[in-house]
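Step one of this worksheet: look at the structure below.
The values are calculated or read from the model by the stated rules, or taken from the named source; none is laboratory data. Everything quoted here is computed from the prediction, not taken from an experiment. When we count neighbours, we look across all protein chains shown, and the Cβ atoms used for this are built from the backbone with ideal geometry, even at glycine. Note: areas computed on protein heavy atoms with side chains; ligands, DNA, RNA excluded. Shrake-Rupley method; radii C 1.70, N 1.55, O 1.52, S 1.80 Å.
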Amino acid sequence: MQLTGNLLIGQQSVHGSNGSIKAVNASTGAAIEPAFGGATLADLDRACALAWAVFDVYRETTPEARARFLETIAQNILDISEDLIERCMMESGLSRARLEDERGRMVGQLRMFADVVRNGDFLRRAHRSGAARAQAAAARGPASASRRRRPGRVFGASNFPLAFSVAGGDTASALAAGCPVVVKAHSAHPGTAKLVGRALQKAVKDCGMPEGTVRQRP
């Protein structure tokens, strides 16, 4: 699968002009093409603005729609499994068996959150009376509610390039909760992140989710 070093912002592929990086083959030390352009502050502002713009729309999607979205992400990742594993092996130096297990964990997390959202038990367990909610909000103060209601920000982990990265548990839980996500890919495995980012970008389009639900940048 052909890779470019562009940023993924909404449904766009954007050239990043804030320097560039290349992944390194963990076994040989050789640089791996392509070069990935870094995000400028303007790129970051655009990604965050898109996330805020779709926040109210995405959080009002139905549990069933979000569950299908998470399942579509999982399937899109499985559809690129071989390209993803081969690129991740080069960038991480981890074995095929280790990465296949981690891919299974990533897909499993997405499907697990889909089941949780679809089932809806978490809503009933968290239910409190209006008076109890008002009392709790007053105790926390006005800033607390605003902190809870905002797009998610995810930073890819160096040691788990799949399960704690672009479509890992943090992203899955945020999307399940109705929060758009801006992802910062880890510089050690930008190609892996880009492949997964494309799978998410495709799922946004496949499921008719608002543009800006997920953005990925190096």
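Which residue out of Ile77, Ile73, Ile21 is over 19 Å from Pro210 (Cα atoms) and open to solvent by less than 20 Å² (accessible area, probe 1.4 Å)?
Going through Ile77, Ile73, Ile21 in turn, the sole match is Ile77.
Is it true that Glu102 is of a type in the set (D, E, K, R) and either open to solvent by less than 60 Å² (accessible area, probe 1.4 Å) or under 21 Å from Leu7 (Cα atoms) (or both)?
Considered against the rule, which asks whether it is of a type in the set (D, E, K, R) and either open to solvent by less than 60 Å² (accessible area, probe 1.4 Å) or under 21 Å from Leu7 (Cα atoms) (or both), Glu102 comes out as yes.
Count, please, the residues in region 205-216 that happen to be surrounded by fewer than 24 Cβ atoms within 10 Å (Cβ to Cβ) and either among the aliphatic types (A, V, I, L, M) or touching a residue at least 60 places away in the same chain (Cβ under 8 Å) (or both).
Summing the residues that are surrounded by fewer than 24 Cβ atoms within 10 Å (Cβ to Cβ) and either among the aliphatic types (A, V, I, L, M) or touching a residue at least 60 places away in the same chain (Cβ under 8 Å) (or both) in region 205-216 gives 6.
Regarding region 181-196, can at least one residue be identified that is modelled with pLDDT under 95, of a type in the set (Ser, Thr, Tyr) and touching a Pro at 6+ places or on another chain (Cβ under 8 Å)?
Checked region 181-196: at least one residue is modelled with pLDDT under 95, of a type in the set (Ser, Thr, Tyr) and touching a Pro at 6+ places or on another chain (Cβ under 8 Å).
Among the residues of region 92-106, write down those that are closer than 11 Å to Leu162 by Cβ and in a helix (DSSP H, G or I).
Residues satisfying the conditions are Ser92, Arg98, Leu99, Glu100, Asp101, Glu102, Arg103, Gly104, Arg105, Met106.
Checking Glu71 against (1) more than 16 Å from Asp206 (Cα to Cα); (2) at pLDDT 95 or above; (3) under 18 Å from the mean Cα position of the chain (by Cα), which test does it fail?
For Glu71, the exception is condition (1).
May I ask you to verify whether Leu50 is under 17 Å from the mean Cα position of the chain (by Cα), in a strand (DSSP E or B) and surrounded by 14 or more Cβ atoms within 10 Å (Cβ to Cβ)?
Numbers: under 17 Å from the mean Cα position of the chain (by Cα): yes; in a strand (DSSP E or B): no; surrounded by 14 or more Cβ atoms within 10 Å (Cβ to Cβ): yes.
It is false that Leu50 is under 17 Å from the mean Cα position of the chain (by Cα), in a strand (DSSP E or B) and surrounded by 14 or more Cβ atoms within 10 Å (Cβ to Cβ).
Just give me the residues in region 80-89 being in contact with a helix residue (DSSP H, G or I) (Cβ under 8 Å, 6 or more places away or on another chain) and open to solvent by 50 Å² or more (accessible area, probe 1.4 Å), in sequence order.
Selection gives Asp83, Met89.
Looking at Ala131, Ala157, Ala138, which is the one that is out of contact with any Leu (no Cβ under 9 Å at 6 or more places or on another chain), under 19 Å from Met106 (Cα atoms) and modelled with pLDDT under 95?
Only one candidate passes the filter, namely Ala157.
I'm trying to understand the selection: among the residues of region 10-47, which are touching a strand residue (DSSP E or B) at 6+ places or on another chain (Cβ under 9 Å), part of a loop (DSSP other than H, G, I, E, B) and free of Cβ contacts under 8 Å to residues at least 60 places away in the same chain?
Within region 10-47, His15, Ser17, Asn18, Gly19, Ala30 meet the criteria.
Quickly run through region 179-218 and pick out the residues that are within 12 Å of the chain's Cα centre (by Cα) and among the small types (Gly, Ala, Ser). Walk me through how you get there before you give the answer.
Narrowing region 179-218 to residues within 12 Å of the chain's Cα centre (by Cα): 179-185, 193-201, 203-204, 212-217.
Result: Ala185, Ala193, Gly197, Ala199, Ala203, Gly212.
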